[in-house]
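None of the figures in this text is laboratory data; all of them are computed from the coordinates on show. Bear in mind that the values here come from a model prediction, so they are computed numbers and not experimental data. In this analysis, Cβ positions are derived from the backbone assuming ideal geometry, glycine residues included, and neighbour counts consider all displayed protein chains.
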Amino acid sequence: GAGVSQSPSNKVTEKGKDVELRCDPISGHTALYWYRQRLGQGLEFLIYFQGNSAPDKSGLPSDRFSAERTGESVSTLTIQRTQQEDSAVYLCATRRTVSYEQYFGPGTRLTVT
Amino acid sequence: AQSVTQPDIHITVSEGASLELRCNYSYGATPYLFWYVQSPGQGLQLLLKYFSGDTLVQGIKGFEAEFKRSQSSFNLRKPSVHWSDAAEYFCAVGAPQKLVFGQGTRLTINP
């Protein structure tokens with residue numbers, strides 16, 4: 001597709017369950033980011049992938065959060081044993097190596113009940 | 001440490017009026033500066049960016065921003081707003097590899 005896509009667009013889950021969020025990058029974009037946006041808040045950096053380099057995981061809030069990406073392909077963000085405070089919109093963004101602009105997907109709205 | 005402050009959480013202006021959204025930053029070197037807009041239910045879209053050179057930068061949708069090093073500011077302006085400008089606006093600062101975003105300013109347009 002032409003842009004970054006994310007699925008699902010909405011996810012409602014029960015506290016304690018695991019969830020997996022997916023991001024499909026723009027073709028050729030080597031860098032991929034995950035952000036969390038809580039209601040009324042700014043974007044909180046979670047993790048950054050650049051090609052085959054080791055990811056920058058410095059923003060992951062706890063060991064319940066993990067993400068994977070193989071090469072320049074799809075990325076998945078997994079949240080284990082979800083808590084109510086995990087409720088947020090999770091945004092994915094991708095960027096070409098030679099560009100400074102991040103292109104954002106529409107986000108996945110996660111609600112933990 | 002890098003930080004971005006957008007002092008105004010919510011601003012309301014009348015259609016046709018001028019607009020200025022404030023952004024102040026803290027950064028250890030010459031920063032890369034960005035403004036993004038987020039329309040309801042949509043992802044973020046880049047409005048404009050500053051890396052170096054002319055401190056007044058033009059963006060899409062008639063927006064401009066001015067980098068003032070002495071004030072550590074990068075305020076966004078538009079001379080005449082349209083109802084379609086109602087959205088959330090985010091200022092971001094940092095290196096290209098990693099950006100820090102402000103809390104956002106919600107813009108409401110009165111008809």
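Numerical summary
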{"item": "For segment B:3-110, diffusion coefficient by Stokes-Einstein and Kirkwood Rh (Cα), 20 °C, 1.002 mPa s, µm²/s", "result": "155 µm²/s"}
{"item": "For segment A:5-112, with +1 on Lys and Arg beta carbons and -1 on Asp and Glu, the positive-most of A:Val98, A:Ile79, A:Val12 along the dipole", "result": "A:Val12"}
{"item": "Segment A:67-113 - percent relative contact order, Cα under 8 Å, separation 6 or more", "result": "35 percent"}
{"item": "HN-Hα J in Hz across segment A:93-107 - Karplus 6.51, -1.76, 1.60, θ = phi - 60°, x for Gly and Pro", "result": "9, 10, 8, 6, 4, 8, 10, 9, 8, 8, 9, 9, x, x, x"}
{"item": "Cα centre as origin, Lys/Arg/Asp/Glu Cβ charges: chain A dipole, Debye", "result": "140 debye"}
{"item": "Value of D in µm² per second that Stokes-Einstein yields for the protein assembly as shown, Kirkwood Rh from Cα pairs, at 25 °C (0.890 mPa s)", "result": "135 µm²/s"}
{"item": "A:Ser87 long-range amide H proximity, modeled H, under 5 Å", "result": "A:Val112"}
{"item": "Within the protein assembly as shown, percent of DSSP bridges classed antiparallel, to nearest 5", "result": "90 percent"}
{"item": "Amide hydrogen neighbours beyond the local backbone of B:Glu15, cut-off 5 Å, H modeled", "result": "B:Asn110"}
{"item": "Rough spin-label spacing in nm, given labels placed 7 Å along Cα→Cβ, for B:Ala95 and B:Ile9", "result": "3.4 nm"}
{"item": "Zone of A:Asp18's modelled label, taken as backbone nitrogen in segment A:40-62 under 12 Å from a point 7 Å along Cα→Cβ", "result": "none"}
{"item": "Sites A:Arg38 and B:Gln2, calculated FRET efficiency, Cβ-Cβ separation with R0 22 Å, nearest 0.05", "result": "0.65"}
{"item": "C-alpha center-to-center spacing [segment A:72-113, segment A:1-68] in angstrom", "result": "3 Å"}
{"item": "Local net charge near B:Tyr36, Cβ-Cβ under 11 Å (Lys/Arg +1, Asp/Glu -1)", "result": "-1"}
{"item": "Modelled FRET efficiency - R0 22 Å, A:Ala2 with A:Thr70, Cβ distances, 0.05 increments", "result": "0.50"}
{"item": "In segment A:45-113, trypsin sites (Lys or Arg not before Pro) in a DSSP loop with at most 14 other beta-carbon atoms within 10 Å", "result": "A:Lys57, A:Arg64, A:Arg81, A:Arg96"}
{"item": "Cβ-based net charge around A:Gln80, under 11 Å, with every Lys or Arg adding one and every Asp or Glu removing one", "result": "-1"}
{"item": "Longest to shortest principal axis, alpha-carbon extents of segment A:5-112, angstrom", "result": "40, 25, 21"}
{"item": "Stretch gain in nm, segment B:Gln71-B:Arg22, where the contour uses 0.36 nm per residue and the Cα spacing is subtracted", "result": "16.5 nm"}
